[in-house]
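Input: a single structure, listed below in structure tokens.
Values in this text are rule-based calculations from the coordinates and carry no lab data. Model, not experiment: these values are computed from the prediction. Neighbour counts run over all protein chains shown; Cβ positions are idealised from the backbone, glycine included.
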Amino acid sequence: MTYILGIDSSCDDTSASVVADGSRILSNVVSSQAEIHGKYGGIVPELASRRHIEMIWPVVDEALKAASVWLEGLSGIAVCHGPGLIGSLLVGCSFAKAVAYAKGVPLIGVNHLEGHIFSVFLLDRRPSFPFLSLIVSGGHTSLVRVDGFGSYRELGRTRDDAAGEAYDKVAKLLGLGYPGGPLIDDLAGRGDPEAIPFPRALIPGTYDFSFSGLKTAVRNHVERSSGEPSRLEDVCASFQAAVVDVLVKKTEAAVKEEGIRSVALSGGVAANRRLRAAMNEMAGRVGAELYIPPVALCTDNAAMIAAAGHLHLMNGDVAGLDLNPKAYLPI
Ligand code: KG4
Ligand code: ZN
């Protein structure tokens, strides 16, 4: 039996979780900073780091208490060491190193994207290798072929904005709040996805994505139509349809060309209702198995870091106290 304490402070949420045997979540505590950054329409890195410092111990303490596991009883402390905001990462890493050293517990460094990939290992039904993993979050949009633990090939990635970033920027220009994804998702549910033919950047011959042109198209549409404005719901629904279309089409192409029949979806944008439905429809059509975690495991959380940490530990991959966070860290 292993008990892994996972810690994630890579962006604007402070999270700690205890996971048993790499798959059973005993606790998963997330302290959101949305209220702090909301009034700026995006994350302010300095404020994020300061809030992590305040919250890291209370969040870890709550996770341990909820799991009835104490620091001395841990098999390992898995901490996200990148990619992310460097000041935010430093808080989690320094904390994890200090506790690991003081209590003599193995330290494990986990890549944030690897965490998102293995969030599906927390489900009752998990994919077997090889599988395709579409990671769609505020910082990343990547389509990864996963042949085994530690064996990843990034088939495509965004060339500019991440999908979640596009949601957040469009929400900002529409005067909605932050984070924009859930707000647009809600409004889109009451709009017509075919009202405005926004462009789909289906760059040929590659699995890469691009969302900045779509964001500009929404801005141009809003500026041009100030005389007779479109319904906000229709703008949201049409924007969302364009994002989802591209994500699903590229994934479908990879399923066919790579000959892989298991698809995992993760990251904050995987909480999106249209994306979940469209992926489901595509999987049914091409005969693929689809794995999507519940919303709480799509957005940033430490349970996914603990799940990936368990795999590192089983492979004897333990970090030294020289583990340093990296803002840019490829998988
Ligand atoms: O994975 P995550 O929590 O953090 C990063 O690693 O970036 O993803 C956050 C992103 C934000 O951009 C947020 O707007 C987006 O996920 N998001 C959504 C939804 N819920 C969160 N986007 C679309 N629809 C949603 N329901
Ligand atoms: Zn994330």
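A few notes on this one:
- Stretched out straight at 0.36 nm per residue, the stretch from Glu289 to Lys249 would grow longer than its current Cα-Cα span by 12.8 nm.
- Residue order, fewest to most surrounding Cβ atoms within 10 angstrom, among His37, His52, His221: His221, His37, His52
- Chain lengthening between Glu62 and Arg231 when straightened (0.36 nm per residue, less Cα-Cα): 56.4 nm
- Span-like helix ranges in the chain, DSSP H, alpha carbon extent 15 angstrom or more, Kyte mean at least -1.0: 45-67, 86-103, 163-173, 212-224, 232-258, 273-286, 303-314
- Net dipole in debye of the chain [+1 Lys, Arg Cβ; -1 Asp, Glu Cβ; about Cα centre; nearest 20]: 280
- Integer Hz, Karplus 6.51/-1.76/1.60 couplings in order for segment 287-299, x for Gly and Pro: x, 9, 8, 10, 10, 10, x, x, 3, 4, 9, 7, 6
- Nearest-0.05 FRET efficiency for Ala277 and Lys256, computed from C-beta distance (R0 25 Å): 0.75
- Comparing Gly164, Ser210, Ala271 along the charge dipole axis of segment 127-292, the residue lying farthest to the positive side is Ser210, per the Cβ-charge model.
- Between the exposed loop cleavage positions of the chain, defined as chymotrypsin sites (Phe, Trp or Tyr not before Pro) in a non-H, G, I, E, B DSSP state with at most 15 neighbouring beta-carbon atoms within 10 angstrom, the longest gap is 71-327.
- Scalar couplings 3J(HN,Hα) for segment 119-124, obtained by applying the Karplus form with A = 6.51, B = -1.76, C = 1.60 to θ = phi - 60°, are 4, 6, 7, 8, 7, 4 Hz; x denotes Gly and Pro.
- Pairs beyond 23 Å (Cα-Cα), from Lys97/Lys326; Lys39/Lys169; Lys172/Lys249; Lys215/Lys249; Lys39/Lys97; Lys215/Lys250: Lys172/Lys249; Lys39/Lys97
- Surrounding net charge for Val99, when Lys and Arg each add one and Asp and Glu each subtract one, Cβ distance under 12 Å: 0
- Rounded to the nearest 20 debye, the dipole size of segment 176-255 about its Cα centre is 240 debye, using +1 on the Cβ of Lys and Arg and -1 on the Cβ of Asp and Glu.
- Estimated FRET transfer efficiency (Phe129, Glu72; beta-carbon r; R0 25 Å; 0.05): 0.10
- Potential lengthening of the chain between Val318 and Glu46 amounts to 94.9 nm, from the contour at 0.36 nm per residue minus the alpha-carbon distance.
- Here's how it looks for Ser27: its modeled amide H is under 5 Å from those of Val18, which are all 5 or more places away or on a different chain.
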